[in-house]
1. Within the group 147, 113, 197, 188, which residue is under 17 Å from the mean Cα position of the chain (by Cα) and modelled with pLDDT under 90?
2. Filtering the range 108-128 down to residues that are aromatic (Phe, Trp, Tyr) and out of contact with any Leu (no Cβ under 8 Å at 6 or more places or on another chain), which residue is surrounded by the most Cβ atoms within 10 Å (Cβ to Cβ)?
3. List every residue pair whose Cβ atoms lie under 6 Å apart, where the two residues are 6 or more positions apart in sequence or sit on different chains, the first residue falls within the range 74-89 and is within 15 Å of residue 192 (Cα to Cα), and the second residue, located anywhere, is among the hydrophobic types (A, V, I, L, M, F, W, C) and loosely packed, with under 15 Cβ neighbours inside 10 Å.
4. Looking at residue 131 and the list (1) in contact with a Ser or Thr (Cβ under 7 Å, 6 or more places away or on another chain); (2) without any contact (Cβ under 8 Å) to a residue 60 or more places away in the chain; (3) crowded, with 22+ Cβ neighbours inside 10 Å; (4) not acidic (Asp, Glu), which single condition is not satisfied?
5. Do we have residue 128 as more than 16 Å from residue 48 (Cβ to Cβ), in a helix (DSSP H, G or I) and in contact with a helix residue (DSSP H, G or I) (Cβ under 8 Å, 6 or more places away or on another chain) here?
6. Do any residues in the range 134-148 that are closer than 19 Å to residue 13 by Cα and in contact (Cβ under 8 Å) with a residue 12 or more places away in the chain have Cβ atoms under 8 Å from those of residues that are crowded, with 18+ Cβ neighbours inside 10 Å and of a type in the set (Phe, Trp, Tyr), where the two are at least six apart or on different chains, and which pairs are they?
7. Given the conditions (1) assigned to a helix (DSSP H, G or I); (2) over 15 Å from the mean Cα position of the chain (by Cα); (3) more than 14 Å from residue 52 (Cβ to Cβ); (4) of a type in the set (A, V, I, L, M, F, W, C), report the number of the one that residue 141 does not fulfil.
8. I need the full set of residues from the range 115-130 which are within 12 Å of residue 19 (Cβ to Cβ) and of a type in the set (Phe, Trp, Tyr), in order please.
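The values are calculated or read from the model by the stated rules, or taken from the named source; none is laboratory data. Given the structure is predicted, the values throughout are model-derived calculations rather than measurements. We place every Cβ from the backbone using ideal geometry, glycine too, and count neighbours over all the protein chains shown.
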Amino acid sequence: MKHSRGVFVPAVVVAMAGFALIFHAWFGVSRQGLPGIKPGDRGNEELFKTLGTIAVWSTALSYAWLRVKRKRKSPSPLVKKLVKLFDKAHRLAGYAAIVLIAVHGLYFLTQARIKDDTYTGIAGFALLLSLGVYGFLIRRVKNKHLRKIHFLLATVFAVVAVIHAGGSAIIAILSTIVFWGLVWLIERRVAQSTENRAA
């Protein structure tokens, strides 16, 4: 099991199904379902949209861990604290995102007209759910490929999140990149000050 590549199969199936849903959303006949949300229900719609946005930011927080985890031996005490914080936050944020997206999606599946972003949303949820399953298995199953699959699914989910959520997902991704840049700058300044003291 340690070197089995069979663990890639479910991830590939989910990714292909997700892309099929996106393809259908773009090119298929997808305008169907309930007649739409009544004007009086718009407040609920905004609430559930907000839950979806919070979920996107939760996944961005979780994704930030991908680079932060490499900083365990950082020369900066602040970065070391961030590593410990993100180690705990990464899993909590990931599971929170799954719950939030499930609630968000369930509302729009049952209360709104099925349209293009319904299919991209289902694709995103399937990817996020499988991402969570692989993340859960990483510490419980000995297989060297699980972390790579977890990373690849996270990256594919980021792309699907941009397709589905648009601006909020783009801002969340850019914020993650800016955060990585700040961590790099902090480490660089600490390293430079250490060199100056040594000189």
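1. Details: 113 fails: under 17 Å from the mean Cα position of the chain (by Cα); 197 fails: under 17 Å from the mean Cα position of the chain (by Cα); 188 fails: under 17 Å from the mean Cα position of the chain (by Cα).
From the options 147, 113, 197, 188, the qualifying one is 147.
2. At the first step, the residues of the range 108-128 found to be aromatic (Phe, Trp, Tyr) are 108, 119, 125.
Cutting the leftovers down to out of contact with any Leu (no Cβ under 8 Å at 6 or more places or on another chain) gives us 108, 125.
Working: 108: 20, 125: 22.
Among residues in the range 108-128 that are aromatic (Phe, Trp, Tyr) and out of contact with any Leu (no Cβ under 8 Å at 6 or more places or on another chain), the one surrounded by the most Cβ atoms within 10 Å (Cβ to Cβ) is 125.
3. Every condition considered, the pairs that remain are 75/191.
4. So the condition that residue 131 fails would be (1).
5. Values: more than 16 Å from residue 48 (Cβ to Cβ): yes; in a helix (DSSP H, G or I): yes; in contact with a helix residue (DSSP H, G or I) (Cβ under 8 Å, 6 or more places away or on another chain): yes.
Answer is yes for this residue.
6. Pairs found: 146/134.
7. (1)
8. Residue satisfying the conditions is 119 alone.
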